[in-house]
1. Please find, within the range 1-23, the residue that is modelled with the lowest pLDDT out of those that are of a type in the set (S, T, N, Q) and either surrounded by fewer than 11 Cβ atoms within 10 Å (Cβ to Cβ) or touching a strand residue (DSSP E or B) at 6+ places or on another chain (Cβ under 8 Å) (or both).
2. Pull up the range 38-75, narrow it to residues that are in contact (Cβ under 8 Å) with a residue 24 or more places away in the chain and hydroxyl-bearing (Ser, Thr, Tyr), then point me to the one that is nearest to Arg15 (Cα to Cα).
3. Can you tell me which condition Glu55 does not meet? The list is (1) surrounded by 11 or more Cβ atoms within 10 Å (Cβ to Cβ); (2) assigned to a strand (DSSP E or B); (3) at pLDDT 95 or above, and all the others hold.
Amino acid sequence: MPETLLFEDERQLTRTNVAAYLRTVADRLETGEPLTLETGSDSITVDVPREVEFEVKIEREGPADGAGELGLELELEWDEDADASDDELSIR
């Protein structure tokens with residue numbers, strides 16, 4: 001299935017700033033509030049349903065026998081027609 005990029009932002013931040021950003025996302029998920037992402041003139045608001053597919057990955061980019069770049073990816077996926085709910089998000 002083809003993907004369409006709706007929003008993207010990439011920047012250098014301190015761990016503290018990343019943690020604050022993730023706390024805000026977590027708070028919105030927990031309360032069921034819409035999640036709005038903004039950067040410059042770009043923004044998108046999504047209603048995250050009560051249940052989602054949650055994926056966690058650690059990846060290394062670079063040569064197999066040497067130092068590379070490590071990455072942690074957290075991904076939430078859901079069907080667009082999924083029922084958005086005010087219920088608490090449950091991740092098992």
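1. Top of the filtered list is Thr4.
2. For the range 38-75, the residue satisfying everything is Thr39.
3. (1)
The values are calculated or read from the model by the stated rules, or taken from the named source; none is laboratory data. Treat the numbers as computed from the prediction; the structure is a model and nothing was measured. No Cβ is skipped: glycine too gets one built from the backbone with ideal geometry, and neighbour counts run over all protein chains shown.
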